[in-house]
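Every number in this text was worked out from the coordinates using simple rules, so none of it is lab data. Quick caveat: nothing in here was measured; it's all calculated off a predicted structure. We place every Cβ from the backbone using ideal geometry, glycine too, and count neighbours over all the protein chains shown.
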Amino acid sequence: MDYDVVVVGAGPAGLATAIRLKQQAAERGSDISVVLVEKGSEVGAHILSGAVIDPVGLDALVPGWREEADAPLSVQVTDDAFYLLGPAGGVKLPNFAMPPLMNNHGNYVGSLGNVCRFLAQ
Ligand SMILES: Cc1cc2nc3c(=O)[nH]c(=O)nc-3n(C[C@H](O)[C@H](O)[C@H](O)COP(=O)(O)OP(=O)(O)OC[C@H]3O[C@@H](n4cnc5c(N)ncnc54)[C@H](O)[C@@H]3O)c2cc1C
């Protein structure tokens, strides 16, 4: 079988590549055939992460994803707490001392496997 593009691996990167290629072709008023080859038994089966997910990529790729009935992310981060753990217990660290990338506000807690299953649809 011949395809215009073969993407190996249906992780977030491969799925986004396939979707974006199809979107760009549609924007040009044309179509291309794209196939995704995945070694897992289904899309998402080999995605390891239970994750805190920044939705910025999903927003760019599928702008209306939050309104979809099967939206893969629904639990938003509302609070960050950081502890230094030791044998005697934990010491809470002040949030202002943490680097900006540790601020998870606007992010979602969810399964990256489910995000991949959603993108595959
Ligand atoms: C333990 C862990 C925790 C993480 N936690 C977070 C987190 O909290 N937040 C966050 O944003 N990120 C997290 N990540 C990172 C996130 O999982 C990766 O950045 C992301 O999955 C990378 O996507 P990818 O598409 O590049 O690769 P992958 O997700 O690795 O997808 C690759 C896909 O290709 C398939 N594949 C590989 N080789 C072949 C082959 N030869 N033929 C066919 N298919 C193949 C695999 O089965 C897989 O489905 C975590 C990662 C790990 C491991």
Under 5 Å between amide hydrogens, which residues at least 5 positions from Phe82 or on another chain qualify, with H placed 1.01 Å from N in the peptide plane?
Leu93
Residue of Pro99, Pro55, Pro87 that the Gaussian network model of the chain assigns the largest fluctuation, springs spanning Cα pairs under 10 Å:
Pro87
All Cα pairs of the range 5-120, percent lying beyond 24 Å:
41
Dipole size in debye (nearest 20) for the chain around its Cα centre, Lys and Arg Cβ +1, Asp and Glu Cβ -1?
280
Arranged from highest to lowest average of other beta-carbon atoms within 10 Å per residue, in what order do the peptides 100-107, 72-79, 14-21 appear?
14-21, 72-79, 100-107
Can you compute the FRET efficiency between Leu84 and Ala26 using 1/(1 + (r/R0)^6), with r the Cβ-Cβ distance and R0 = 41 Å? Round to the nearest 0.05.
0.20
Normalised contact order of the range 55-106, rounded percent, pairs of Cα under 8 Å and 6 or more residues apart:
31
Among bridges DSSP assigns within the chain, what percent are antiparallel (round to 5)?
75
Relative contact order of the chain: what whole-number percent is it, with Cα pairs under 8 angstrom and at least 6 residues apart?
32
Suppose the chain between Val52 and His105 were pulled fully straight at 0.36 nm per residue; how much longer would it get relative to their current alpha carbon spacing?
18.1 nm
Nearest 10 degrees, 0 to 90: what angle lies between the long axis of helix 12-27 and the longest principal axis of the chain (Cα atoms)?
50
